[in-house]
Amino acid sequence: MNTNGNTYTVIYSAVLVILVAAILAYVSLALQPRQNDNIRVETMSKILTAAGLYNTEEAEAAADINKFTIGLYNDNLQAAIYVNGNGEKTGDMKEVAGTSELKAQYDAMRKIGDNGDESLLKGLRLPVYIFNVNGQIIRVVPCYGAGLWGPIWGYLAFTEDMNTLDGAVFDHKGETPGLGAEIALPKFYEPFKGKQILDENGDFVSISVVKGGAKGDIHGVDAISGGTITSKALENTMRTWLSFYRPYFTNVINGEE
């Protein structure tokens, strides 16, 4: 074959492309289990952070950070369950719920909101993580929604009164660095501790993310300067998810969990 001809060039390029694609596919498949494990452990660390159990410095100093995180999660977890939109337990969780699972529940919530069909509440699978933290039962629930440039999500930890936040943590996929992306920083999420989702009459008001500052509001935290859209998106996300968890919270308060 003429190595200087067009035919040789086309064949050579095609073979090279196929070979590289095959190698990349093989590497991707080989690394997939490890990537999945890392994602699972990262989710555990977020849940533990919300519950006040995760110390980043201790984790980074551990010989194996994944082993450290999994051990901390298993040692403190009392139960991990699913509940539906009526507040009823529907099963036990075998693994932590990833963002794809949270997205599926978010889509279902939007469908319920659009249709107003309360019969669909039974089909929800809302995760609840229950920990014993220094003798106090802390329940952690997730939230997931749409930010400015992509999905945002987080975890909210509640004390036994199912009204007061014991902690919170948030993350995102593509919010603007220095602006909306700051929802993932401790300076934003640490002030959630001690905030309440019910007013003095026991009515649900959720948590507001206030532009210009919450000024000590027990139901509000400061919005991110320059990140108003992301801040409001997170506020709406929390309100939506907590409204669907309210029947479960009520059952816990009434001893009907």
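Measure out, as a whole number of angstrom, how far apart the alpha-carbon centroids of the range 159-220 and the range 54-115 sit.
Rounded to whole Å, the Cα centres lie 19 Å apart.
Return the calculated 222 nm mean residue ellipticity for the chain, to the nearest 500 deg cm²/dmol, obtained by summing -39500 (n - 2.57) across DSSP H runs with n ≥ 4 and dividing by the residue count.
Numbers: 6 runs with 110 residues, N = 257.
Helices in the chain give a 222 nm mean residue ellipticity of -14500 deg cm²/dmol.
Students often get this wrong, so check it: of Lys46/Lys89; Lys94/Lys122; Lys89/Lys187, which have C-alpha atoms separated by over 32 Å?
Numbers: Lys46/Lys89 23 Å; Lys94/Lys122 20 Å; Lys89/Lys187 34 Å.
Distance filter (> 32 Å) returns Lys89/Lys187.
Kyte-Doolittle cut-off 1.0, length cut-off 27 Å along the helix's own axis using Cα: show which whole DSSP H helices in the chain pass.
none
As a test of understanding, state the convex hull volume per residue of the chain from its alpha carbons, in Å³.
Enclosed volume per residue, from the Cα hull, is 201 Å³.
Where in the range 131-222 are there trypsin sites (Lys or Arg not before Pro) that are in a DSSP coil and have at most 16 other Cβ atoms within 10 angstrom of their Cβ?
Values: sites: Arg139, Lys173, Lys187, Lys193, Lys195, Lys211, Lys215; in loops: Lys173, Lys193, Lys195, Lys211, Lys215.
Those that pass, being in a loop and sparsely packed, are Lys173, Lys193, Lys211, Lys215.
For the chain, with every protein chain kept in place, what is the accessible area per residue (1.4 Å probe, Å²)? Spell out each step's value before the answer.
On the way: 13720 Å² over 257 residues.
Here the residues of the chain average 53 Å² of exposed surface.
Of the GluC sites (Glu not before Pro) in the range 33-89, which ones lie in a loop per DSSP and count no more than 16 other C-beta atoms within 10 Å?
Glu88
Could you name the aspartates and glutamates whose alpha carbon sits less than 17 Å from that of Lys232, not counting residues in the same chain fewer than 8 places away?
Asp171, Glu175, Glu182, Asp217, Asp222
Specify whether the C-alpha gyration tensor of the range 202-243 places it in the rounded, prolate or oblate class, a ≥ b ≥ c being the square roots of the eigenvalues: rounded for a/c under 1.5, otherwise prolate if a/b is larger than b/c and oblate if not.
oblate
Among the GluC sites (Glu not before Pro) within the range 129-211, which fall in a DSSP loop and have no more than 16 other Cβ atoms within 10 Å of their own Cβ?
Here the sparse-neighbourhood loop sites are Glu160, Glu200.
The values are calculated or read from the model by the stated rules, or taken from the named source; none is laboratory data. Predicted model, so just to flag it, every value in this text is computed and none were measured. Glycine gets a Cβ as well: all are built from the backbone with ideal geometry, and neighbour counts include every protein chain shown. Calculation scope for accessible area: heavy atoms of the full protein, side chains included, ligands and nucleic acids excluded. Shrake-Rupley method; radii C 1.70, N 1.55, O 1.52, S 1.80 Å.
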